[in-house]
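Taking it in order: structure first as structure tokens, then the write-up.
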Amino acid sequence: MGEMGLRERKKRQMYQDVSDIAVRLFLERGFDAVSVAEIAAAAGISKPTLFRYFPAKEDLVLHRIADHETEAARVVAQVADPVDALRRNFLAGLERRDPVTGLNDHPQVLAFHTLLYGTPSLVARAYAHQERSEAALAGALGGGLDARLAAGQIIAVQRILAQENWRRIAAGEPVEEVAPDAVRDAERAFRRLAEGLPDLRPTV
């Protein structure tokens, strides 16, 4: 068991190291200007090995947000009010300046978001990430059309709120000035979700 645990930790570290190298190169030279072969060489691995870890070049970037793919589904597990649980989770993210909320002005975070939102192939790949987030949340809400419709609305609200925060900060507004609006916007958005999804319940 300990050996498997060590193997898994090494695998995860490899994912992180290769992704970090790739993102650094992309930020320095642009996503399209860096080849997969260059990334593999910089990481000290072969190109086939890299593709075993990351099936697509875009996955090297999206690895940084992969942990959030099932976050909404985890948040609503076994809670009485899924929308309120997600509201509180998003507000907590704003409070700690979690990059996934867009409310973060660290230069590396801003550069990463500019890379992500400014590269068409990454935007397209991120859409697949969003679809998987929706599917996981819909499953946690019981599946079926009503659950999928609710999950689509919830994930879209979180995405739009985060992009609005990032857009304002990237335009030069101080994060402390954006923060109060970000909280108010989140409260309003989740209140409207609650009004539109009054009977939403998680899977028991």
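The values are calculated or read from the model by the stated rules, or taken from the named source; none is laboratory data. These numbers were taken from a predicted model, which means no experiment stands behind them. Cβ atoms come from the backbone with ideal geometry, glycine included; neighbour counts cover every protein chain shown. The protein model used for the area step is the full one, side chains on, heavy atoms only, and it has no ligands, DNA or RNA in it. Shrake-Rupley method; radii C 1.70, N 1.55, O 1.52, S 1.80 Å.
Summary table below
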{"item": "The chain: translational diffusion in µm²/s, Stokes-Einstein, Kirkwood Rh over Cα pairs, 20 °C, 1.002 mPa s", "result": "116 µm²/s"}
{"item": "Accessible area of Leu149 in the full protein assembly, 1.4 Å probe (Å², nearest 10)", "result": "90 Å²"}
{"item": "Cβ-derived FRET efficiency at R0 41 Å, Lys47 paired with Leu91, nearest 0.05", "result": "0.40"}
{"item": "Table column - 3J(HN,Hα) (Hz), segment 51-58, Karplus curve with 6.51, -1.76, 1.60, x for Gly and Pro", "result": "5, 5, 7, 10, x, 10, 4, 4"}
{"item": "Solvent-accessible ranking of Lys11, Lys57, largest area first, probe 1.4 Å", "result": "Lys11, Lys57"}
{"item": "FRET efficiency for Asp20 and Arg132, using Cβ-Cβ distance with R0 set to 30 Å, rounded to 0.05", "result": "0.85"}
{"item": "Neighbourhood charge, 15 Å Cβ-Cβ cut-off, centred on Asp185 and excluding it, Lys, Arg +1 and Asp, Glu -1", "result": "+2"}
{"item": "Per-residue HN-Hα couplings for segment 9-20 [Karplus 6.51, -1.76, 1.60; θ = phi - 60°; Hz; x = Gly/Pro]", "result": "5, 5, 5, 5, 5, 4, 4, 5, 5, 5, 4, 4"}
{"item": "Most mobile of Arg184, Arg87, Arg167 in a GNM of the chain (Cα contacts under 10 Å)", "result": "Arg184"}
{"item": "Accessible surface of segment 47-204, 1.4 Å probe, proportion on carbon and sulfur as whole %", "result": "54 percent"}
{"item": "Two-site FRET efficiency, Ala33 against Ala170, from Cβ-Cβ distance with R₀ of 22 Å, rounded to 0.05", "result": "0.55"}
{"item": "For segment 17-97, projected area of the alpha-carbon convex hull averaged over all directions, nm²", "result": "7.0 nm²"}
{"item": "Ratio Rg/Rh, restricted to segment 1-62 and using Cα atoms, in which Rh is the Kirkwood radius", "result": "1.03"}
{"item": "Gain in span if fully extended, Lys11 to Asp84, counting 0.36 nm per residue against the direct Cα distance", "result": "22.7 nm"}
{"item": "Binned Cα-Cα distances of segment 132-172, short to long, each 5 Å bin given as a whole percent", "result": "5, 26, 22, 13, 12, 9, 8, 4, 1"}
